[in-house]
Amino acid sequence: MSLLYIVVLAVIAAALLAVAVHRALRVKTKADYLVAGRSLSAVVLVLTLLTSWIGAGSLFAGAENAYRNGFAALWLPAGGWLGLVLIYFIAPRARRFAQFTLPDLLEARYNQTARVLGTIAILFAYVAITSYQFKGGGNVLHLIFPGAVTPERGAWIIAIFVIVTTAMAGMSSVAYMDVAIGSLVTVICIVATPMLFVKAGGWPGLHAALPETHFELLGNLTFVRAMEFFVPTLLLMLGNQVMYQKFFSARSERDARVSVIGWIAGTLLLETLIVAIAVFGSALYQTGEVAAQPYEIIPYTARHGLPALMGALLLGAVFAKVISTASNYLFSPASNLIEDVFVRYIAPDASNKRILIVSRLAVVLLGAWALYQALYAPSILAKMLYAYTIYGAALTPVVLAAFYSRRATAWGAVAAIATGTAVTLLWDAPGVKQFLHLPPILADRDAIFPALFAAVAALILVSALTPKPTAEQLARVAD
């Protein structure tokens, strides 16, 4: 059986490496590296958007949530589903703007300070997201090779592979690797889910093994806790720089809009299947190692609950999915360092060759930072909610205002980004809540609602007190 797993993982890794090498040979300019030469078709966009969105957050944190709370875990991806409906109307505007990074948009619509603060928020959030991809991938390798690979050693292996393949060709490498991964994962999950459903005894077996709360709308969650899952996902989806960079890479505005329709269908299907696999696994495996570490339920179920070949393929799909999402969220902040720091402030006249060298160095440095966090992150779910909150509260309100508000001002945006970031970073810092004398009803909550409220309030208040944006600023992102 170990040989089968080795073969499956080796084939997947070799295929992904081959894609990266092939695309690297085509990268000649900054645009090739950062936005794939603006050449991505709707089909490629659908698969790369789907694959980059569903990673360790869904496969580990979402699965842990499903193990504990049953189908109520769908509150976590449901925020993304609502966000996707709204994104259908944003996608053509984003492609029309056609720059390289989200801070490009922030400077064009607001000012240079908004760009710098946006870059800082993205670095904190996206490196955190990359880190728990490394951690999740390390756990997968440990489950496959328990005697040879520890979770920490597995994280090192995943990190090195992701850093190398991402540094090779940037967006082009990421997007076309996602095509292969997205196709593989979707097919495997569609086949594996009914097999596990039957093994668990169908609905009678599931109801006999699991508490009835696992089949209720809220399960063990309160409504407020459900919203603490729903809202961060919604906000990350709406402001997600990875998504905007894919739209900037689209061949046309039509390709950008059409891709969202496929993305909606794929996300609804795949995330529901992932939660279902975790719930079926929780009925099959209620004790032992996985009970102590429920975030491992999907790879554990693949290893022990499916026929050898199907289990190997599902584990391989999880492995590939983690690599894909890690590549996307590692590449995105690296592009910020290049476009928003290096080219903007250090070497505005740098040649394409120099930019490509520095871009690859940025991927390596940020990958090392993400690996450090992965080795010391206690919880994938906690890390995910932290990353979603810092991004969703700090950036999403000002991104949406850039497209849809004519009254939001530059300094309102600056205040919102700074406030949302500060509240998120300080919310769980030692002694802060005691210093502020917060009541338990607030002190025991996650940072999302306090950070979001503070950011939106700052955006509205400061915008009301400062001069309206100029016609030129509005025209840069107008219809």
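If you check Thr222, Thr193, Thr233, which single one turns out to be of a type in the set (Ser, Thr, Tyr), exposed (fewer than 15 other Cβ atoms within 10 Å of the Cβ), farther than 22 Å from Val363 by Cβ and modelled with pLDDT of 85 or more? So the residue among Thr222, Thr193, Thr233 that is of a type in the set (Ser, Thr, Tyr), exposed (fewer than 15 other Cβ atoms within 10 Å of the Cβ), farther than 22 Å from Val363 by Cβ and modelled with pLDDT of 85 or more is Thr222.
All conditions in (1) without any contact (Cβ under 8 Å) to a residue 40 or more places away in the chain; (2) under 26 Å from Leu16 (Cα atoms); (3) of a type in the set (A, V, I, L, M) hold for Ile338, with the sole exception of (1). Regarding Val343, is this residue at pLDDT 80 or above and under 15 Å from Leu59 (Cβ atoms)? No. Residues in segment 297-314 that are among the small types (Gly, Ala, Ser) and in contact (Cβ under 8 Å) with a residue 12 or more places away in the chain were compared, and the one that is surrounded by the most Cβ atoms within 10 Å (Cβ to Cβ) is Ala302. Residue check: Lys30 meets all listed conditions (1) under 23 Å from the mean Cα position of the chain (by Cα); (2) modelled with pLDDT under 70; (3) among the charged types (D, E, K, R) but one, namely (1).
Residues in segment 381-396 that are surrounded by 24 or more Cβ atoms within 10 Å (Cβ to Cβ) and either part of a helix (DSSP H, G or I) or in contact with a strand residue (DSSP E or B) (Cβ under 7 Å, 6 or more places away or on another chain) (or both): Met384, Tyr386, Ala387, Tyr388, Thr389, Ile390, Tyr391, Gly392, Ala393, Ala394, Thr396.
Assess whether Gly219 counts as being touching a helix residue (DSSP H, G or I) at 6+ places or on another chain (Cβ under 9 Å) and at positive phi. Yes. For first residues located in segment 48-60 and among the hydrophobic types (A, V, I, L, M, F, W, C), partners that are not in a helix (DSSP H, G or I) and lie 6+ apart or on another chain with Cβ distances below 9 Å form the pairs Trp53/Asn240.
Flag: Ala278 matches the condition of being assigned to a helix (DSSP H, G or I), within 23 Å of Thr130 (Cβ to Cβ) and over 16 Å from the mean Cα position of the chain (by Cα). Look at (1) crowded, with 22+ Cβ neighbours inside 10 Å; (2) of a type in the set (A, V, I, L, M, F, W, C); (3) more than 17 Å from Val242 (Cα to Cα) and you find that Val399 fails only one, number (3).
Six or more apart or on different chains, Cβ under 7 Å: which pairs go from a residue in segment 343-361 that's hydroxyl-bearing (Ser, Thr, Tyr) and surrounded by 12 or more Cβ atoms within 10 Å (Cβ to Cβ) to one that's modelled with pLDDT under 80 and not in a helix (DSSP H, G or I)? Could you list them? As it stands, the answer is Ser359/Gly170, since those pairs meet every condition given. Would you please name the residue that is farthest from Gly266 (Cα to Cα), looking only at residues in segment 58-117 that are of a type in the set (Asp, Glu) and at pLDDT below 85? Top of the filtered list is Glu107.
The values are calculated or read from the model by the stated rules, or taken from the named source; none is laboratory data. Note that the structure is predicted; figures quoted are calculated from it, not measured. No Cβ is skipped: glycine too gets one built from the backbone with ideal geometry, and neighbour counts run over all protein chains shown.
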